[in-house]
Amino acid sequence: MAQIDEKTKTESTAGEETKLPLEGIRVLEMGTLLAGPFAGRLLADFGAEVIKIEPPDKADPMRSWGKSKDGVGLWWPIQSRNKKSITLNMREEEGQKLFRQLAAESDIVIENFRPGTMEKWGASYEELSADNPGLIMMRTSGFGQTGPYKKRAGFGSVGEAMGGLRHVTGFEDRPPSRIGISIGDTLAALFATIGCLTAVHERHTSGKGQVIDTAIYESVFSVMESIIPDYLLADYVRERMGNILPGVAPSNIYFTQDETYIVIGANADGVFRRLCEAMGEPELADHPDYHTHEGRGRNMKALDLRIEEWTKSLPAEEALAILEEKGVPSGKIFSAEDIVDDPHYKEREMIVPVEHPELGSFPMPGIVPKLSRTPGRIKKPGAGTMGADNEEVYGTILEIKEEQLKQLKDNHII
C-alpha cells in the first residue's frame, strides 16, 4: 500500500495562527456512537471547543467499534478528533448539578438519547435555559421529540428503513439492502449541524437559544427526491432498480476488459453525443431509439448492453482516458486502496496524517468543506483515555480545585 506523503500534513499544521471560524463556541457533547458525535466532530473541525462527556464507568461504544490496531480502535480517533474528554456520572444528583453548571457556561449541548432521558436527569432544555437563555440544544433521535413514535428506540438502520431509503436500495429480484455505511446517522448529524449553525446565527439577533429537533428517519426522508409526489400525483411507487435510475440513461456501471467496473453518467443529450463519439459510434446519437432523453429511458437495457460491449473491449484506465478526453462524466469504483493511491485525493489533502500517541502517524479523512480564508484544522486525534481533560475542564470552567476533583473521582461522580 502506498504511503501518505508527509506534504499532506498541510491541513493539520498550516495556518496555525489563523483563527478558526467557530472559536469561542463551547459545546457539551452528551451523545454516543454516531449521530451526535459526528455533529460534534464537524463543529470541532472548525474550532468549536467540543467537550465529549462519558460516564466514568461506561465508555462510548465507538471506542471499540470497527477495526483495531494494537488494541486501539481505528474509528474513535477520527470521530472524536479535536475534542476534549471528560467523565461525568449523570445518574447521580451531584453529577447532574455539575452538568447544569457546565451548561450554564456553554453555547451548545448535543445529545442523541431516547427522548425523555435528559429530562430524567434534570437537564431538560427548560431547566438548562433558565440559567442560560442563549443555550442551543441539539437533540437527535430516531423519531424526534414529538409524535407517537418518539419513545421508540431508533438506530440509523431503522431510520433508513422508515425514511424510505432501504425500499429503493438493492436489486428488484432481491430483498431490500443497506448502503455500506451508516448513512442515516450521518445525514441526521449533517441536518442537526445545519440547524445548530442556523440557531447560532439567529441568536445574534434575538439573544436567545432554542432546541434543534432532528429525527433520523426525517433526515433520510428529506433526501428521498420526489417519491411522495410520484406516488400521490403520478400513482408511481419507486422500487429497487439496482444501479440505474428510472427513466435516466445511460447512467450505470459497466464491466471492463480487466474485470473491473467503471461508472458512466451520460444521460444529457450533449453528453450522450460525446459518449457515442468516444465509443467510435457517433451515428448512435441520432438513432431513433436513443436521440431523446425519453427514448434512452425506454430503451435503457439495450443501450446499456451496447455501451458495455465497448467498455469490455478496453482496460478500465484506457476507457476512462477516452471518456475524459471527450468530456464524459466517468470514474472507477474506488476501494480504500484506490483512494490512498489517487493523486486527486492527495492534492486536495483528503488524507491527513495526524500524530497518534500510540499508533504514530494516523491517516485521517480531511476536513470538508474547504474554506478559503478560515479553513478547518485537525489538531489531535480523539483522546485515548476517558476523562483525559477532567482537570482542565472542571478546573478552568468551574474552578474546581484538585482536592475536590479527587473527591468527585473517589465518589464515582467523574
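Out of curiosity, is T205 over 29 Å from P246 (Cβ atoms) and touching a helix residue (DSSP H, G or I) at 6+ places or on another chain (Cβ under 6 Å)? Here the answer is no, as T205 does not meet what is asked. The residue of the range 144-183 that is surrounded by the fewest Cβ atoms within 10 Å (Cβ to Cβ), among those that are among the aliphatic types (A, V, I, L, M) and in contact (Cβ under 8 Å) with a residue 12 or more places away in the chain, is A153.
Pairs linking a residue in the range 227-252 that is assigned to a helix (DSSP H, G or I) to a residue that is among the aliphatic types (A, V, I, L, M), with Cβ atoms under 9 Å and 6 or more positions apart or on different chains, are I227/V168; I227/V237; D230/V237; Y231/V237.
Here is a list: S129, S141. Which entry is touching a residue at least 60 places away in the same chain (Cβ under 8 Å) and in contact with a strand residue (DSSP E or B) (Cβ under 7 Å, 6 or more places away or on another chain)?
On the way: S129 fails: in contact with a strand residue (DSSP E or B) (Cβ under 7 Å, 6 or more places away or on another chain).
Result of the check over S129, S141: S141.
Please indicate, with yes or no, whether at least one residue in the range 242-258 is within 23 Å of the chain's Cα centre (by Cα) and either at negative phi or not charged (D, E, K, R) (or both). The answer is yes, given that some residue of the range 242-258 is within 23 Å of the chain's Cα centre (by Cα) and either at negative phi or not charged (D, E, K, R) (or both).
Of everything in the range 268-280 that's touching a helix residue (DSSP H, G or I) at 6+ places or on another chain (Cβ under 7 Å) and either surrounded by 17 or more Cβ atoms within 10 Å (Cβ to Cβ) or among the aliphatic types (A, V, I, L, M) (or both), which residue is nearest to E325 (Cα to Cα)? Walk me through it before giving the result.
Step one: filter the range 268-280 for residues touching a helix residue (DSSP H, G or I) at 6+ places or on another chain (Cβ under 7 Å), giving 269, 272-273, 276, 278-279.
Next, only the ones that are either surrounded by 17 or more Cβ atoms within 10 Å (Cβ to Cβ) or among the aliphatic types (A, V, I, L, M) (or both) stay: 272-273, 276, 278-279.
Working: F272: 14, R273: 13, C276: 13, A278: 8, M279: 12 Å.
Checked the range 268-280; the qualifying residue nearest to E325 (Cα to Cα) is A278.
In the range 72-94, is there at least one residue being at pLDDT below 95, in a helix (DSSP H, G or I), exposed (fewer than 15 other Cβ atoms within 10 Å of the Cβ) and in the same structural domain as G387 (by TED's automatic domain parsing)? No, the range 72-94 has no match at all.
A single member of T198, T214, T186 is part of a strand (DSSP E or B) and either hydrophobic (A, V, I, L, M, F, W, C) or surrounded by 13 or more Cβ atoms within 10 Å (Cβ to Cβ) (or both), and it is T214.
The values are calculated or read from the model by the stated rules, or taken from the named source; none is laboratory data. All values derive from a computational prediction rather than experimental measurement. Don't worry about glycine lacking a Cβ; one is built from the backbone with ideal geometry, like all the others, and counts go over all protein chains shown.
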